[in-house]
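Peer 1: Here it is, the structure, as structure tokens.
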Amino acid sequence: MPSLYRVAEYWMPRYEAIFPNLYAHYIGWGEPFCFRCSWLAPVDDTQGSLAAVWRSAGGWLERAHLHDWALGGSNEPENLVPLCRQCHDIMPEFSCRQAAISYVAEGVRKNCWWQLYTDGTFGASAGFPNPPFKAKLLRDAYVRFVEVERLVGAATNGDESAVMRVRHLIGDPSWPALPSRGASVQSESQTP
Ligand SMILES: [Zn+2]
């Protein structure tokens, strides 16, 4: 199997014809990203070379086969794309490279909270620059992230027990801190 960087290198001069809306079109290749959802791997992007930056994204990003390997696809770079754990997990097994390209190209953009969460938890500035078992860490983190998102959604919709759990999780007994009704009435009453 070619390295993640070798796969990225293959696509650098070719992506526009095949993945015209790839994130590289907007941000270049200095930050390793998932070809499907554009999630940025939480790596130190100030390393000396592009190769080192992409190498350190191994584990955060996986080499996904377009034409599935078990269905006869090759291990050549043209048949591989960098995908994050979540996108790779749900990718169907394609017997045709073109169908897989459509799947990747039509992917939805990452949730920006997920990006912030993973940067904050695993990013270089979190003092967690190159942890082992990244794929497992990422999957566990995603499960927690989705659970918290559901909980906050339920709390926002008025589920009292969810509100209590969010308050406990974030250690803020006054959550959600809504603007005080009294203050707004007062400012309205001051308007001539
Ligand atoms: Zn992805």
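Peer 1: Restricting attention to the stretch 57-65, does a residue exist that is at pLDDT below 90 and within 13 Å of the ligand (Cβ to nearest atom)?
Peer 2: No, the conditions are met nowhere in the stretch 57-65.
Peer 1: Taking only the stretch 37-51 into account, find how many residues are farther than 21 Å from residue 111 by Cα and either within 12 Å of the ligand (Cβ to nearest atom) or at pLDDT 95 or above (or both).
Peer 2: So the answer is 3.
Peer 1: Would you mind stating whether residue 59 is within 19 Å of the chain's Cα centre (by Cα), among the small types (Gly, Ala, Ser) and loosely packed, with under 14 Cβ neighbours inside 10 Å?
Peer 2: no
Peer 1: If we keep just the residues of the stretch 128-166 that are among the hydrophobic types (A, V, I, L, M, F, W, C) and loosely packed, with under 12 Cβ neighbours inside 10 Å, which is nearest to residue 55 (Cα to Cα)?
Peer 2: The extreme case among them is 133.
Peer 1: Within the stretch 116-128, does at least one residue satisfy the condition of being acidic (Asp, Glu) and more than 15 Å from residue 87 (Cα to Cα)?
Peer 2: Within the stretch 116-128, one or more residues are acidic (Asp, Glu) and more than 15 Å from residue 87 (Cα to Cα).
Peer 1: Taking residue 169 as the residue in question, decide whether it is surrounded by fewer than 18 Cβ atoms within 10 Å (Cβ to Cβ), more than 19 Å from the chain's Cα centre (by Cα) and among the aliphatic types (A, V, I, L, M).
Peer 2: Yes; evaluated as a whole, the condition is true for this residue.
Peer 1: Quick check on my filter: what residues within the stretch 78-89 are outside any strand (DSSP E or B) and either at pLDDT 95 or above or surrounded by 15 or more Cβ atoms within 10 Å (Cβ to Cβ) (or both)?
Peer 2: Within the stretch 78-89, 78, 79, 85, 86, 87, 88 qualify.
Peer 1: Out of 75, 130, report the one residue that is assigned to a loop (DSSP other than H, G, I, E, B), away from the ligand (no atom under 16 Å from the Cβ), of a type outside the set (A, V, I, L, M) and modelled with pLDDT of 95 or more.
Peer 2: Only one candidate passes the filter, namely 75.
Peer 1: Suppose we keep only residues that are among the hydroxyl-bearing types (Ser, Thr, Tyr) and more than 13 Å from the ligand (Cβ to nearest atom) within the stretch 103-127. Which one would you say is surrounded by the most Cβ atoms within 10 Å (Cβ to Cβ)?
Peer 2: Among them, the one singled out is 117.
Peer 1: How many residues are touching a residue at least 40 places away in the same chain (Cβ under 8 Å) and within 13 Å of the ligand (Cβ to nearest atom) if we restrict to the stretch 78-90?
Peer 2: Qualifying residue count, the stretch 78-90: 8.
Peer 1: On to the next question. Which of the residues belonging to the stretch 10-28 are of a type outside the set (A, V, I, L, M) and buried (at least 17 other Cβ atoms within 10 Å of the Cβ)?
Peer 2: Those that are of a type outside the set (A, V, I, L, M) and buried (at least 17 other Cβ atoms within 10 Å of the Cβ): 10, 11, 15, 19, 23.
The values are calculated or read from the model by the stated rules, or taken from the named source; none is laboratory data. Please read these numbers as outputs of a predicted model, since none were measured by experiment. Every residue, glycine among them, receives a Cβ derived from its backbone with ideal geometry; neighbour counts consider all protein chains shown.
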